[in-house]
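To keep things clear, I will list the structure first and then write my remarks on it.
The values are calculated or read from the model by the stated rules, or taken from the named source; none is laboratory data. Since we're looking at a predicted model, the values are computed, not measured. Cβ placement follows ideal geometry from the backbone for every residue including glycine, while neighbour counts extend to all protein chains displayed.
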């Protein structure tokens, strides 16, 4: 039963109790009046019987000369008069006790009605606590998710910042760091693709097939596997973490991830998710959460490559 139904039930029960309380209070007042009246009459008969008994005894003592008022006559007189009066008094007391029990029953009836409405209030309170507890659990779950999400995002940023490209292993001269590495990756990719197309004189650059682009990306990936594999695994697990969570507005969080990506990062990601590395698992997430919504299509080597993704990747 919802809180609204419980509140209506309480309102109806309260109105019913108020009406019944007025009736019970009227009955109790009438019973109290009867009890008081019959109690007074009972005690009057008790004292009347006592007075008659006392007078009779005194009369017996004063007349006890052997020929006067005898003890047997005294007993007969008291049995006929005093006993009857006291029996009537006892009957009144019994009736008063009956009225008192009726009073108790009416009071108990009122208490039971109030107990019932207290139970309804308790149910309402417990229902409210249940809702509050659910809200608290949802808030804690949201906080836990966001803490993990932003920790992963911080890890991803540190991975990007730790990227560096060197002229050669022996010299160890760094010529590019951080996100600037992806511009170099992009230039390498286009260079490999140009070389692949130039080796096939029968093909025009603008009509290059997606297979040639993926072959070029395969060379790029193998040349920079230590940096690129770590980068894409982390990015994939962040988006997968959002996808598997129970939070609402998942696209709100994936849009935060998307905002971290530079134009060159998105292009490299574009070809990575068409490659064997990400086609089966990463590509569906890209299409679900529109990771390429702000993709710079001018950097895509051939616009026909855009058709390799569902429209959801761009919207």
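Within the stretch 279-308, the set of residues being buried (at least 18 other Cβ atoms within 10 Å of the Cβ) and more than 39 Å from the chain's Cα centre (by Cα) comprises 295, 301, 305.
Condition test on residue 227, is it touching a helix residue (DSSP H, G or I) at 6+ places or on another chain (Cβ under 8 Å) and within 24 Å of residue 190 (Cα to Cα)?
Working: touching a helix residue (DSSP H, G or I) at 6+ places or on another chain (Cβ under 8 Å): yes; within 24 Å of residue 190 (Cα to Cα): yes.
Yes: the conditions hold for residue 227.
For residue 153, indicate whether it is modelled with pLDDT of 80 or more, at negative phi and surrounded by 13 or more Cβ atoms within 10 Å (Cβ to Cβ). Outline the logic, then answer.
Working: modelled with pLDDT of 80 or more: yes; at negative phi: yes; surrounded by 13 or more Cβ atoms within 10 Å (Cβ to Cβ): yes.
Criteria met by residue 153.
Confirm whether residue 276 is surrounded by fewer than 16 Cβ atoms within 10 Å (Cβ to Cβ), on the phi > 0 side of the Ramachandran plot and out of contact with any strand residue (DSSP E or B) (no Cβ under 7 Å at 6 or more places or on another chain). It is false that residue 276 is surrounded by fewer than 16 Cβ atoms within 10 Å (Cβ to Cβ), on the phi > 0 side of the Ramachandran plot and out of contact with any strand residue (DSSP E or B) (no Cβ under 7 Å at 6 or more places or on another chain).
Considering (1) more than 30 Å from residue 106 (Cα to Cα); (2) at pLDDT 80 or above, the lone condition that residue 43 does not fulfil carries the number (1).
Is it the case that some residue within the stretch 248-264 is modelled with pLDDT under 90 and within 37 Å of the chain's Cα centre (by Cα)? Yes, the stretch 248-264 has at least one match.
Among the residues of the stretch 51-59, none qualifies, meaning not one is outside any helix (DSSP H, G or I) and at pLDDT below 80. Here residue 253 passes the criteria (1) under 30 Å from residue 137 (Cα atoms); (2) exposed (fewer than 15 other Cβ atoms within 10 Å of the Cβ); (3) touching a residue at least 60 places away in the same chain (Cβ under 8 Å) except the one numbered (2).
Go over the candidates 232, 241 one by one and state the one that is surrounded by fewer than 16 Cβ atoms within 10 Å (Cβ to Cβ) and in a helix (DSSP H, G or I).
Going through 232, 241 in turn, just one is surrounded by fewer than 16 Cβ atoms within 10 Å (Cβ to Cβ) and in a helix (DSSP H, G or I): 241.
Can you name every residue in the stretch 156-178 that is more than 26 Å from residue 261 (Cβ to Cβ) and either surrounded by 12 or more Cβ atoms within 10 Å (Cβ to Cβ) or at pLDDT 75 or above (or both)? Across the stretch 156-178, the qualifying residue is only 173.
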